[in-house]
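Have a look at the structure below, then the notes.
The values are calculated or read from the model by the stated rules, or taken from the named source; none is laboratory data. Note that this is a predicted model, so its numbers are computed, not measured. Quick reminder, even Gly has a Cβ in these numbers, built from the backbone with ideal geometry, and neighbours come from all protein chains shown.
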Amino acid sequence: MSRTQRLGIAFSAFIAFAVGVITTLSLLLGDRPELYAEFAGAPAFARLMSLPAAIMVRLVAITSAVTIVIGISNLLYVHLGRVVRGAFFSIVMIASFALTIWWYWSKGGDTSLLAAVQVPIESALAALLFLSMVQGGARVLNKRADIWGLLFVTVLVVVLLGTVPIESLGPVRAWSDWLMEIPVSAGARAILLGIALGTVVTGVRVLLGQDRSYRG
Amino acid sequence: MDDSTLQVYTILFVVITIVLVYTSRFFSARRMPRLSQGRVPGFKRLSGWVGEAIEAGRPLHLSFGSAGIDAESAPVAAAEAELFYHVIKAAGSGDVAPVISTSSAATIPLCQDTIRRAWAGDERRSRAQWFPQGPRSMAFAAGLTATMQVEDPSAHVLAGSFGPELALILDSAERQGQGSFAVSDQLEGGAIAFAMADEVLIGEQLFSAAAWLSHESTARADASVQDVWRGLLIALMAILVIIEVAGQLGIASWSLVLWAALALVVIGVVFVRRR
Amino acid sequence: MNDDDFNWLPQEEEQEAAQQSRRGLFRFLPRFRRGRGGAAASAPSEESSLSGRRGLFRLIPRFLRRARSAPTEATAADLALEMGERPVEQLDDRLLALRERAQSRPEQETVSPREALYDVDDVLVRPEIIHRPGGVISPLALSKAQQEQVELLRDMVGGTALPDDSQSEGGLLSRGKRLFSLGAIPHLLVSILMLLALALPFVATGFSEGELPPLAFHEDRHGTTTAFNMLDNLTLDDYVLLAFEYGPTAAGELDELADVILRHIFAQGSKAIIVSSNPITIVHARNVIAAIERSVAPVSTRLVENQDYYLLRFLSGGALGLRDLSRNFGSIVNTSARGMPTGLGFTSLDEMTLMVLIAERAEDVRHWAEQVATETDSDFIAATGYAAQPLAEPYVYAHEDIVGMFIGVRDAYTYNQILQANYADYELPPRREDPGTGDGESAPTPSPTPTATATATPTATPTPTATETPQPQATPTPTATPTEPEPELVQLAVAPAATATQIPSPVAEVIAQGPVNIRRRPNTASDILALAATGDIFPVLGENGDGSWINILLPDGIEAWIASFLVEQYIAPADGTGGGAPDGSARAGDGQTVLQFDFSLRLGKTRPRFYQANPPAQGDRAEFVLLRDGRQEEQRLDAMTLGTIAAVLVIVAGNVFYMMRALTRRRRASQGN
Amino acid sequence: MAEGTIALLSFVLTLMVFSYVLGDLPLVGHLYRTAVYIFVGMSAAFAAIVAYESVILPYLQDIQNPETSWTALGNSTDVAIFLTALLFGLLLLMKPIASLSWLTNGALAVVIVVSAASAVVGGLSGTLIPLIVATAAVPDGLATDFQALTNTLLVFVGTVTALFYFQWQARRDDDGAPVQSPLSRGLRNVGKIFIVTALGAIYATTMLTALTILAERIGFVFQFGS
């Protein structure tokens, strides 16, 4: 590893640490005069504290919008390479991309292409999910031939039947409601808590410059 | 709980986490050899797929889903980049570079970076693939399935942020006979992964997945911070419930709280020792 | 599972992996695979098997390409040997290790049957392969003759040593690569069965299964009624922040909810400010509003962007964009989706009367709850599809500001039924001559006044001294004018879940010389809802951050704010909740749980809200509700019922089959032993 | 575009996507994939259009006209932020260039760190703390309402054990194999019951959402057909 590279790693770790600490402090302490109401300049101080977060968040939000260019250049790079060799689908994709932009600009912001093309395709794809999920649901015990697979399928069937508005399925609806109210709620909470916990711990590590994802 | 109280607790939690993250490294040096990861299922067949990828000259496909470094899922993306690093490193002697896909444009540099760091082969050019994002990322899923029919990877390692669109990807993988490993920080994706993927991790395990593959003790130390935190949260909830129930029954007092806390600590210690 | 030390490809595992991949026909088909690899890299239109070196593979380094075309290239070990042509010190650590292992392999391993038959590739003639890459079902198929050749070859080289086909799920042909594999037929059948079941209600007229959703919301744990009533309490000068977090994907499910909520908002003359953290949804929101506009075009003036509704710039950066929204609301609200100024002068999210989140993913509910709801005091309503329901629920319970939620098309149906009933007595405005060309300068509520029937006539306000309000506009706000509600409506909407508790509730008594202002929001810029006289008593719901404003409940169930220095707070006796408050406050005090400051800790929501439905008022643009076109709602609900039943049947049948198979296998295995 | 054209296009494209059901017959497979690629191209185009119009355009106008300012931060700050963001975008685009990684990593670090900070604060104040409090919240009148008591305790036990299921560490025995006490294993299994139940229910509700959309699509096809 060359000296430049080592310096580079130290540089980005330092930037990460500095920006991370300042942004976190600002997010936690900014705009909250009630947190330090004891001294006179509290409101002004709170406003001042909120500035770094406001600026950094804004900066990253705009950067995020700008990076769409990276995404599109990636897409075009991959597909233009194929167009040269005459790949039908890549031509379709690029034509669709170009046509949409041309249409929007030449028609003064007409979005009917979205309604005519994208909404039906996207809706139909989302509808296909149902078929995929039925197939997947029917194969659960093929993938997981154990008690957990069985439990999964049982809950799946009970909850599905619980939504069927037929009189004779009343008891199933009661079970389904109970399931949703107690075990599902508990399980979902635990998973959410767990993910939040992981996010916080990993996030703090990133903030402290201990993550190597951006060290190249 | 009003917003100010919430904020005070938030600050407290952040401080505790920082302390834990720093101290865990210190303790890890002494204790980690004895404490190790428990059973993390889900990796059983991954090594087989990696082997197959090397053998058959097929790529591996790894995907962040919509986890992006410019969004709230940034920690997820960071954790998954680490996981992908280890997986790609294992597949490093194949002759087709792995493909990493993402629907977050800002994450493309991270994909390229991960490949560059981990991939040993000469083919280091961009094998990152981006598809547009949506609330349900159908464009991503559909574009991915279409592309993956052509790339024909030996397996999909889908770790990141996936919603219901995961069903389409997994269904296609199943039809193509490609292996699949899936974990998502979204619950819809998690449920679909459980039902349809060959190998699956659930929820929080996605943050400790990399530590499981890594041989570094620091990675384990980092993952153990979550364990400590989880224990603290469980204790906290237990204490709160006890106080509340006692308050309703009219037997609340500070001594009760202290006794309850002491009992929990004892139980916790006994538990840790017996485990 | 109990693998303790996870070692990537240790020696035994590597050999096992090598065996695995050479299982079945795999090891006889190097050319086939190469053909597929070629197709993989190039476009489907040029999928001759000769394309192996075209396309992306041109970019593969030459020595690797050579490696690929060599007949013995397939194993990693061989590859590592090939790599051995490079200077050893250039190799990566792992390659070095691999190379060492490869070199130390026993001799008989390297002489594989395939090497003995190295020209097998030429026997399996390439052009005869039926090649279908890129398809949905199977990219590769063998003709029957080829199958037989393959079988013959297998026998020749000792196919008996191969693992049992029924277990080799990693093999090539058992992975559904055939055009008409057995696995594909149930797939097709199931899909067609599903589609037929769903199509039935649309083709067979009069076919109906199951009950329709109720005509009124049940007061349930989701706070649906509260949410509806809050929307019903909107008035002319109210701004609603509508978070449009669903795209075309969920259009089939959430368009209904978005449509009915938007119509409700427009009907009451309130303004919707639409934001989203996804670019496509902004465009979609524009189309949803355009559809509403088309439906009312014959009788109404056009909705004017930046006057009746606002489409804000999209919040880039996902959750970060939402953080940006709560931090920099003043600047975001200033820019429309087209990059133009909106002319809105808000500075804080707190100035929104209400926030409605229409989200298709639980993830979005989470992001809004985390990044926005914690940063503002405005009330929050969530509308989601079924998928997000189990996950959104914890947030509805846990968050102080999230008051209720609507779920899916069934709630949309009920919502619409209530609205239609509420506005049933209205007459449509006369048909306009030139639909769709409304002038942009028209007032926000230019529609001809509907001839309201007796039930909806506003009566004098019972709010104290409301008539002396110094507001510049002469019309008192409709919310402050509770009328004699229709009995039906009350039945629909009043929350019956108000569990009367005997907890002493804090009240605020006006001590300043009246009349004093009661405002909608805790700042002096906010509009005045009513005036209070000295001695008036209101139930207290809470206070703002620094305690300078107190949140009180008006007799008609509306939350309002009063400056704290004007009042004196104390705990009212338990019996007469609300004490000497003006009429009707008994209901307001019901069910009010208050944070108790003694030892008994009280977590959870401390401010249950009760809103009464607000009967339609004069000046409402009823045409928005009445001209809602039917959208095959009944048929769709029937189709869903049938689809659910069919899905359950398929799932049960499939899993019973797999369970039986697993059981018989297990029995066979135990018998075998 | 006329409404009739929109409906016709919608109809054709919907059927093209539904051809997925028929599998990969020679022509049919192409129909589905054509629709998918049209869709990918159009999504990308709309994402670009909206990003340009609603994020970049206002700042371009800011640069042209120093008098105006879209934000409360003032024109010059705005322009500075915008130019920095452009620079960051450029740096991220240049990420593949290895020799510049010391520079591009800095941009990557800022983006990821600010997002992480937001995620940490949001995750704590929006999910972790409220959910802990809500889980520990006990409804009034426990002493009299047995049902409420059991429900509350069940949710609490479920949440705690399910959380415990994610426990990662285990003690190793002398051979290095992880050891679990029966108590620990039992708790984890109880937790897994709750987790799998939740996943099953979520799978069901996700199916219902897809079903709703499918019903709408089929309704549309028949509506158009008649």
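Number of residues in the stretch A:134-159 that are free of Cβ contacts under 8 Å to residues at least 12 places away in the same chain, more than 10 Å from chain C (Cβ to nearest Cβ) and either touching a Pro at 6+ places or on another chain (Cβ under 6 Å) or aliphatic (A, V, I, L, M) (or both): the value is 2.
Checking the structure you have, find out if any residue of the stretch A:49-62 is on the phi < 0 side of the Ramachandran plot, touching a residue at least 40 places away in the same chain (Cβ under 8 Å), buried (at least 23 other Cβ atoms within 10 Å of the Cβ) and more than 8 Å from chain C (Cβ to nearest Cβ). No, because not a single residue in the stretch A:49-62 is on the phi < 0 side of the Ramachandran plot, touching a residue at least 40 places away in the same chain (Cβ under 8 Å), buried (at least 23 other Cβ atoms within 10 Å of the Cβ) and more than 8 Å from chain C (Cβ to nearest Cβ). Going by what's in this entry, would residue D:105 be described as surrounded by 23 or more Cβ atoms within 10 Å (Cβ to Cβ), facing another protein chain (nearest Cβ under 7 Å) and assigned to a helix (DSSP H, G or I)? Criteria met by residue D:105. In the stretch B:199-218, of all residues being more than 7 Å from every other protein chain (Cβ to nearest Cβ) and either among the charged types (D, E, K, R) or closer than 19 Å to residue B:140 by Cα (or both), the one that is surrounded by the fewest Cβ atoms within 10 Å (Cβ to Cβ) corresponds to B:216.
Filtering the stretch D:206-221 to residues that are β-branched (Val, Ile, Thr) and out of contact with any Ser or Thr (no Cβ under 7 Å at 6 or more places or on another chain) leaves D:206, D:209, D:212, D:218.
This table checks each residue for (1) under 24 Å from residue C:325 (Cβ atoms); (2) among the hydroxyl-bearing types (Ser, Thr, Tyr).
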position	(1), (2)
A:5	no, no
A:9	no, no
A:19	yes, no
A:24	yes, yes
A:29	yes, no
A:34	yes, no
A:42	no, no
A:56	yes, no
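Considering the stretch A:173-204 alone, what residues qualify as being of a type outside the set (Gly, Ala, Ser) and either within 20 Å of residue C:370 (Cα to Cα) or touching a Cys at 6+ places or on another chain (Cβ under 9 Å) (or both)? The answer is A:189, A:191, A:192, A:193, A:195, A:197, A:199, A:200, A:201, A:202, A:204. With respect to residue B:79, is the statement that it is on the phi < 0 side of the Ramachandran plot, in the same structural domain as residue B:166 (by TED's automatic domain parsing) and in contact with a Phe, Trp or Tyr (Cβ under 9 Å, 6 or more places away or on another chain) true? Criteria met by residue B:79. Residues that are at pLDDT 80 or above, more than 9 Å from chain D (Cβ to nearest Cβ) and buried (at least 17 other Cβ atoms within 10 Å of the Cβ) occur in the stretch A:24-34; there is at least one.
Here's the yes/no breakdown for (1) among the small types (Gly, Ala, Ser); (2) surrounded by 23 or more Cβ atoms within 10 Å (Cβ to Cβ); (3) assigned to a helix (DSSP H, G or I):
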{"site": "C:343", "(1), (2), (3)": "yes, no, no"}
{"site": "C:355", "(1), (2), (3)": "no, yes, no"}
{"site": "C:368", "(1), (2), (3)": "no, yes, yes"}
{"site": "C:377", "(1), (2), (3)": "no, no, no"}
{"site": "C:390", "(1), (2), (3)": "no, yes, yes"}
{"site": "C:397", "(1), (2), (3)": "no, no, yes"}
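Taken as a whole, the condition of being touching a helix residue (DSSP H, G or I) at 6+ places or on another chain (Cβ under 8 Å), buried (at least 21 other Cβ atoms within 10 Å of the Cβ) and hydrophobic (A, V, I, L, M, F, W, C) applies to residue A:140. Checked against the criterion of being surrounded by 24 or more Cβ atoms within 10 Å (Cβ to Cβ), more than 25 Å from the chain's Cα centre (by Cα) and either in contact (Cβ under 8 Å) with a residue 12 or more places away in the chain or closer than 28 Å to residue B:180 by Cβ (or both), the candidates A:97, A:89 yield just one match: A:89. Among the residues making up the stretch A:160-207, none is among the acidic types (Asp, Glu) and touching a residue at least 60 places away in the same chain (Cβ under 8 Å).
In the stretch D:205-223, the count of residues that are within 7 Å of another protein chain (Cβ to nearest Cβ), at pLDDT below 85 and not in a helix (DSSP H, G or I) is zero. Is the stretch C:290-308 home to any residue that is away from chain B (no Cβ under 14 Å), buried (at least 24 other Cβ atoms within 10 Å of the Cβ), without any contact (Cβ under 8 Å) to a residue 60 or more places away in the chain and not in a loop (DSSP other than H, G, I, E, B)? Within the stretch C:290-308, none of the residues are away from chain B (no Cβ under 14 Å), buried (at least 24 other Cβ atoms within 10 Å of the Cβ), without any contact (Cβ under 8 Å) to a residue 60 or more places away in the chain and not in a loop (DSSP other than H, G, I, E, B).
Note on the stretch B:51-66: residues that are in contact (Cβ under 8 Å) with a residue 60 or more places away in the chain and in a helix (DSSP H, G or I) amount to 3.
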